[in-house]
Amino acid sequence: GQQYQYIAVGTGITTPPQMYTSGGDPQRPTGRFLLLSLTLNQDTGRVEVRRRFKIACDAPVYSVAQYGEHSFVYSAGPYVHMKSLKDCLETKKIADVARTYIRSPAVRITVEEPHINLSCAEDSLLVLTFDPTTSSLTESFSDEVARPGFFHTPLSPGLILTTDKNYGLVGLLRPEHPSALQSLVTVFDAELASSISRVRKGRCRAPWSRANCALPGGDRDTASSMALIAGGIDGSFYQLTLLTRPAVRLLKIVQQVYERRKQRYAFVPPSAANGATWDPQDAHVDGDLLAPVLRLERGWLEREVGGDGAVRAAFEGVVRRVWRGYGEGGEVVMGEGIQGDNVCAWVEEWVRGLLVDAVL
């Protein structure tokens, strides 16, 4: 059939504090949900905006998202509403589908059918599930920590990047086999210098530079050829790269080697390098702190970790976990002609590939 394009708009109508209702109570802010269309005026040649549908709400509409081909969801006050436009041309009405109560308004909504992700003032992420058989919305997942939610963006099925108003940048994973209301699994929990208000996929590197996800250690399951660019409320910008756990550990080891080099201490491999423990709050590497490594002369890493046999073996074990390619004889092939006997040189080039043009 014929398709119609609409623009969904949520509004908030605030009133001065001195305004009261007829009963003497302070007048509360209200809102509207609007569906607009664009039409070309053949006489004037101008594009006109026309209002097609209007829904009056008892509270401001903070966020709107499309669900499926004919439905949409929006947050107004402590409720999330789902409406349908499937038969609106015949009935001239928008049909009610479902409504559910939430603890605080949702400032952002994204849809991964049948899941609906909400960034809320009291939950950094709340996940609802729509059941078409009963036309109901139910809470399925929530963050295990109460954070003032600011923004979120799905990175892959089940993995969602969230931000909060306390400088937090958190990766949350949806459990594969849910049972009633569950907590989302915290994959990483970083603290930046500014609260992140937006995250977009983009590229701030030179066109000829290699994508981070194409380097060993880049998380190919969740990262695309486009990097993640985050904007802070103070005007700052960040380029984010998703890495595997072994890659994060290797970067932290390189940073520790550099810090010990400045303090003239011998490098001692941390026990976590070979262990299976994983602390989400320690899963963040600041590229600005690693940037001085790029200015060191080539071969510095070999001099720091190449003297002691046990230290060298532990270091190479971490590198092998990052690079999963092996030669016919079992030796680790580091790429571009760098073999296992020159691991440190490969690590230096690898760090350079991750950081070059990425430190803003």
> Only one residue in Arg99, Arg103 is open to solvent by 20 Å² or more (accessible area, probe 1.4 Å), in contact with an Asp or Glu (Cβ under 6 Å, 6 or more places away or on another chain) and either in the same structural domain as Leu169 (by the TED database) or touching a residue at least 24 places away in the same chain (Cβ under 8 Å) (or both). Which one?
Replying inline: Arg103
> In segment 133-153, which residue that is part of a strand (DSSP E or B) and β-branched (Val, Ile, Thr) is most open to solvent (accessible area, probe 1.4 Å)?
Replying inline: Thr138
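From the list Asp234, Asp221, pick out the single residue that is of a type outside the set (A, V, I, L, M), at pLDDT 90 or above and surrounded by fewer than 14 Cβ atoms within 10 Å (Cβ to Cβ).
Asp234 is the lone residue from the list that is of a type outside the set (A, V, I, L, M), at pLDDT 90 or above and surrounded by fewer than 14 Cβ atoms within 10 Å (Cβ to Cβ).
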>> Every residue in segment 9-50 that is under 18 Å from Pro105 (Cα atoms) and either modelled with pLDDT under 80 or open to solvent by less than 100 Å² (accessible area, probe 1.4 Å) (or both), please.
In response: Val9, Gly10, Thr11, Gly12, Ile13, Thr14, Pro29, Thr30, Gly31, Arg32, Phe33
> Picking from Ala214, Ala247, which residue would you name as being modelled with pLDDT under 75 and among the aliphatic types (A, V, I, L, M)?
Replying inline: Ala214
>> Looking only at residues that are in contact with a Ser or Thr (Cβ under 9 Å, 6 or more places away or on another chain) and in a strand (DSSP E or B) in segment 29-43, which one is nearest to Thr14 (Cα to Cα)?
In response: Thr30
>> Kindly evaluate Ser84 against the criterion of being at pLDDT 90 or above and under 28 Å from Leu172 (Cα atoms).
In response: no
> Where residues in segment 184-201 are small (Gly, Ala, Ser) and either farther than 19 Å from Leu173 by Cβ or out of contact with any His (no Cβ under 6 Å at 6 or more places or on another chain) (or both), which of them is surrounded by the most Cβ atoms within 10 Å (Cβ to Cβ)?
Replying inline: Ser195
> What number goes with the only condition from (1) more than 22 Å from the chain's Cα centre (by Cα); (2) among the acidic types (Asp, Glu); (3) surrounded by 13 or more Cβ atoms within 10 Å (Cβ to Cβ) that Glu112 does not pass?
Replying inline: (1)
> What is the one condition in (1) of a type outside the set (A, V, I, L, M); (2) farther than 13 Å from Ala106 by Cβ; (3) open to solvent by 80 Å² or more (accessible area, probe 1.4 Å) that Tyr62 does not satisfy?
Replying inline: (2)
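The values are calculated or read from the model by the stated rules, or taken from the named source; none is laboratory data. All values derive from a computational prediction rather than experimental measurement. Virtual Cβ from ideal backbone geometry, glycine too; neighbours counted across all protein chains shown. Only protein heavy atoms, including side chains, enter the accessible area calculation; ligands, DNA and RNA are left aside. Shrake-Rupley method; radii C 1.70, N 1.55, O 1.52, S 1.80 Å.
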